[in-house]
Amino acid sequence: MKEYKYTVTLETFFGDKTGTMFFDVEDDSVKGVLKIMQHENPFHGHISKEECHIIGSLKTLINTVHYEADGTVSENGISFILVTNKHRLLLTGGAENE
């Protein structure tokens with residue numbers, strides 16, 4: 001299993017939110033946690049080379065928003081478009097050096 005950690009920015013209507021995203025990749029499956037807006041938000045999905053599809057939920061101060069996202073994942077960074085029932089949000093990030 002490969003593990004990745006990224007510093008991420010989620011572009012929202014209320015401004016950019018920063019956080020951390022952890023990925024565990026095993027074969028063609030991914031799972032992880034998006035730590036953002038003071039919540040830990042688990043996700044899961046599938047990956048083929050650098051193309052990735054994930055499903056999860058974002059907890060906010062008011063409610064929980066379910067999403068599906070398509071994007072790319074590499075050792076250097078990530079880029080996803082999160083699609084909710086109302087919005088499309090851009091999530092980008094770079095590898096975090098430990």
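The values are calculated or read from the model by the stated rules, or taken from the named source; none is laboratory data. Only a predicted model underlies this, so the values are computations on that prediction, with no experimental measurement involved. Every residue, glycine among them, receives a Cβ derived from its backbone with ideal geometry; neighbour counts consider all protein chains shown.
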Checklist entry - Which of the residues belonging to region 8-34 are touching a strand residue (DSSP E or B) at 6+ places or on another chain (Cβ under 7 Å) and loosely packed, with under 15 Cβ neighbours inside 10 Å? => result Glu11, Asp16, Thr18, Asp24, Asp28, Ser29
Checklist outcome for this item: The residue from Leu82, Leu58 that alone is touching a residue at least 60 places away in the same chain (Cβ under 8 Å) and touching a strand residue (DSSP E or B) at 6+ places or on another chain (Cβ under 8 Å) is Leu82
Item to check | From the options Gly19, Gly56, residue that is assigned to a strand (DSSP E or B), over 20 Å from Glu96 (Cα atoms) and small (Gly, Ala, Ser) | outcome: Gly56
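Conditions (1) closer than 13 Å to Glu11 by Cα; (2) among the hydrophobic types (A, V, I, L, M, F, W, C), marked per residue:
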{"residue": "Gly56", "(1), (2)": "no, no"}
{"residue": "His66", "(1), (2)": "no, no"}
{"residue": "Asp70", "(1), (2)": "no, no"}
{"residue": "Gly77", "(1), (2)": "no, no"}
{"residue": "Phe80", "(1), (2)": "yes, yes"}
{"residue": "Leu90", "(1), (2)": "yes, yes"}
{"residue": "Ala95", "(1), (2)": "no, yes"}
Item to check | Enumeration of residues in region 22-41 that are in contact with a Lys or Arg (Cβ under 7 Å, 6 or more places away or on another chain) and in a strand (DSSP E or B) | outcome: Phe22, Asp24, Val25, Ile36, His39, Asn41
Checklist outcome for this item: Per the list (1) of a type outside the set (S, T, N, Q); (2) over 13 Å from the mean Cα position of the chain (by Cα); (3) at pLDDT 95 or above, residue check on Ile55 breaks on (2)
Checklist outcome for this item: Taking region 69-79 and the residues there that are in contact (Cβ under 8 Å) with a residue 60 or more places away in the chain and surrounded by 15 or more Cβ atoms within 10 Å (Cβ to Cβ), the one that is nearest to Asp28 (Cα to Cα) would be Val73
